[in-house]
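The values are calculated or read from the model by the stated rules, or taken from the named source; none is laboratory data. Everything numeric in this text was worked out from a predicted model, so none of it was measured. Every residue, glycine among them, receives a Cβ derived from its backbone with ideal geometry; neighbour counts consider all protein chains shown. Surface accessibility is based on the protein's heavy atoms, side chains included, excluding ligands, DNA and RNA. Shrake-Rupley method; radii C 1.70, N 1.55, O 1.52, S 1.80 Å.
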Amino acid sequence: MASALAATVAAVRGRIGHRAPEIAVVLGSGLGGLAERLADAVRIPYAEIPGFHVPTVQGHSGELVVGTLAGRSVVAQSGRFHLYEGHTAGVAALPARLFAELGVTTFVVTNAAGGIRPDFRAGTLMLITDHLNLTGQNPLTGPVLPGEQRFPDMSAAYDPALRALALEVAREQGTPLEQGVYAALSGPSYETPAEIRMLRTLGADAVGMSTVPEVIVANARGMRCLGISTVTNAAAGVSDAKLSHAEVMETAAQVGQRLGDLIEGVVARV
Ligand code: HPA
């Protein structure tokens, strides 16, 4: 694993030259528009990065974009690796390990999620305060990689200072920003209504199929994490509507501009 990571890092370093990204932004389903905002950008297709896979899901484009956003050096990850595609948690978290090696210290993740809280509407933005790892996997399983801890503390997995900053920027921009706990399941089937009732009892406010592997590695590497979910639909049984990926994509695209403004505002002041 360590040598596979070295090949990944070498390939990306070879492409980005003098650029040294300090902030990484992971763009979830349908939220790829933020990558267009980067100035002076180098775009690296996943096909050119050893260890990276070409995404199989519509809405995930599959490139790293390294450039400048709000005057800061940023790497945007457009497309992620999901457990439901057959990837291990280690593969899902490979980009996070790469970013740490490149010197990134602030890790921003976005995702699409189902709303468990009944007052969440399609298009609600939720600042992730904490998560439930219900995927049955952990990307740190196996040998401890250089620069990582065996038993990382997860008691402030989503950095309190970054959360406070995001709330402040959202308030200034007039963007409503809810807060809550994100539960990650491996998918790919959406949950049953009974599973959603279980998740609510466990303390989850939103549910999705990503984010947690990356955030675990980011914490093990000492990066500060910020996570924002776009609630794209009411979770199963919360409303009578049927769930569809098309609806998820459509809502995510509608909210993309607002979420992009919020992230850009945070990046400017990190
Ligand atoms: N469940 C799980 N993942 C999701 C959902 C959902 O309802 N919506 C978007 N991603």
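Worth a mention:
- Computed over protein heavy atoms with a 1.4 angstrom probe, the accessible surface ordering of SER29, SER244, largest first, is SER244, SER29.
- For VAL25, residues with placed amide H under 5 Å, excluding near neighbours: VAL75, ALA76, GLN77, VAL108
- Segment 213-256: C-alpha gyration tensor shape, a/c 1.5 cut-off, then a/b vs b/c: prolate
- The Rg/Rh ratio of segment 188-270, with Rg taken over Cα atoms and Rh as the Kirkwood radius over Cα pairs, comes to 1.02.
- When only the Cβ of Lys, Arg, Asp and Glu is charged (+1, +1, -1, -1), the dipole of segment 186-229 relative to its Cα centre reaches about 160 debye.
- Taking the DSSP beta bridges with both ends in the chain, the antiparallel portion is around 35 percent.
- Helix 2-16 vs. the chain, principal-axis angle (Cα, 0 to 90°, nearest 10): 80 degrees
- Computed with a 1.4 Å probe on the full set of protein chains, the accessible area for HIS53 sits at about 70 Å².
- Debye log10 I(q)/I(0) at q = 0.23, 0.24, 0.25, 0.26 Å⁻¹ for segment 149-215, Cα point scatterers: -1.08, -1.10, -1.12, -1.15
- The alpha carbon radius of gyration of segment 92-210, expressed as a multiple of 2.2 N^0.38 Å, is 1.17.
- Sequence-separation-based contact order of segment 7-161, relative, with Cα cut under 8 Å and 6+ spacing, percent: 26 percent
- Cα centroid of segment 26-48 to Cα centroid of segment 119-167, whole Å: 22 Å
- Principal semi-axes in Å for the chain [√(5λ), Cα gyration tensor, largest first]: 27, 21, 18
- Shown here are the Rg and Dmax of the Cα trace of segment 98-167, at 15.2, 44 Å.
- Helix 193-202 vs. the chain, principal-axis angle (Cα, 0 to 90°, nearest 10): 70 degrees
- Rounded if a/c under 1.5, otherwise prolate or oblate - segment 126-180, Cα gyration tensor axes: prolate
- Taking the C-alpha atoms only, the angle from helix 160-173 to the longest principal axis of the chain is near 70 degrees.
- Lys, Arg +1 and Asp, Glu -1 on Cβ, resulting dipole of the chain about Cα centre, debye, nearest 20: 360 debye
- Kirkwood Rh in Å, taken over segment 71-135 so that all alpha-carbon pairs contribute: 14.4 Å
- Per residue accessible area in Å² of segment 1-153, where ligands, DNA and RNA are left out and the probe is 1.4 Å: 39 Å²
- Mean Cβ count within 10 Å, highest first, over the residues of peptides 201-212, 77-88, 126-137, 39-50: 201-212, 77-88, 126-137, 39-50
- Under the Debye formula (equal points on every Cα, no solvent term), log10 I(q)/I(0) of segment 19-153 at q = 0.09, 0.22 Å⁻¹: -0.29, -1.53
- Whole-percent carbon and sulfur share, accessible surface of segment 21-81, 1.4 Å: 49 percent
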